[in-house]
Amino acid sequence: MRVYVPLTLPGLAEAHQAGELGPGPLRAYAVTPGLREWYVSDDIEELEYAALSRAAAASLRLIAADPAAPPRRVVVALDVADKAATATPGVDEATLGQVALADAVRLAVAAAVHVDADDAEADVSAAARAVEAADGGDGDAQFTVDSAEDHELLWFGVQEIPGLLK
């Protein structure tokens, strides 16, 4: 199963130094039955993109919680055994596609790291400041959050992590 772990750049630096994402339990996102039902698609690539997008939104919330974190969303994609991921109960907006990984995962086995490009920083920074108001129903704040989501995350191999942390 492919899972997507939301991080910040400082979180990625810690994982890189430790050689693993952890300790468990780790929050991640994946193609769960609830996500399939919500997204209404049988196309696995579309469903995985939806899970990646959910993880990117979680990364934005991590940035909002850590004002010192650079405004670039980070998501690590991992392949784990199906039994390693437990779906979060419920199918509400907050838990849609969310899974828990009980144990730490070696960073070396990551399939990819997805990170915003430098040109997304202004929109991601504004979205991080607006995400709480957007969650509260503020339409203007939601527009600001959506502007960050308009930026596609770039794909990097695990071996490129040191360059991302400079």
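So LEU153 fits all but one of (1) over 21 Å from ALA30 (Cα atoms); (2) touching a strand residue (DSSP E or B) at 6+ places or on another chain (Cβ under 6 Å); (3) among the hydrophobic types (A, V, I, L, M, F, W, C); what number is the exception?
With respect to (1) over 21 Å from ALA30 (Cα atoms); (2) touching a strand residue (DSSP E or B) at 6+ places or on another chain (Cβ under 6 Å); (3) among the hydrophobic types (A, V, I, L, M, F, W, C), LEU153 is out only on (1).
For residues that are under 13 Å from the mean Cα position of the chain (by Cα) and part of a loop (DSSP other than H, G, I, E, B), tally how many sit in region 1-30.
Qualifying residue count for the region: 1.
Select from region 62-93 the residues that are under 13 Å from the mean Cα position of the chain (by Cα), of a type in the set (Gly, Ala, Ser) and either assigned to a loop (DSSP other than H, G, I, E, B) or closer than 20 Å to ALA127 by Cα (or both) and list them in ascending order.
Passing the criteria: none in range.
What pairs come out if I take residues in region 15-28 that are in contact (Cβ under 8 Å) with a residue 12 or more places away in the chain and pair them with residues that are of a type in the set (S, T, N, Q) and assigned to a loop (DSSP other than H, G, I, E, B) whose C-beta lies under 9 Å away, six or more apart or interchain?
Short answer, once both residue conditions are applied: ARG27/THR88.
Identify all residues within region 67-77 that are at pLDDT 95 or above and surrounded by fewer than 24 Cβ atoms within 10 Å (Cβ to Cβ); write none if there are none.
ALA69, PRO70, PRO71, ARG72, ALA77
Got at least one residue in region 116-130 being over 13 Å from ILE63 (Cβ atoms) and within 14 Å of the chain's Cα centre (by Cα)?
Looking through region 116-130, none of the residues is over 13 Å from ILE63 (Cβ atoms) and within 14 Å of the chain's Cα centre (by Cα).
Condition check ((1) under 23 Å from ALA133 (Cα atoms); (2) buried (at least 18 other Cβ atoms within 10 Å of the Cβ); (3) at pLDDT 95 or above) across all residues:
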position: GLU14; (1), (2), (3): no, no, yes
position: ALA28; (1), (2), (3): no, yes, yes
position: PRO33; (1), (2), (3): no, no, no
position: ASP42; (1), (2), (3): no, no, no
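The values are calculated or read from the model by the stated rules, or taken from the named source; none is laboratory data. Only a predicted model underlies this, so the values are computations on that prediction, with no experimental measurement involved. Glycine also receives a Cβ, built like all others from the backbone with ideal geometry; neighbour counts cover every protein chain displayed.
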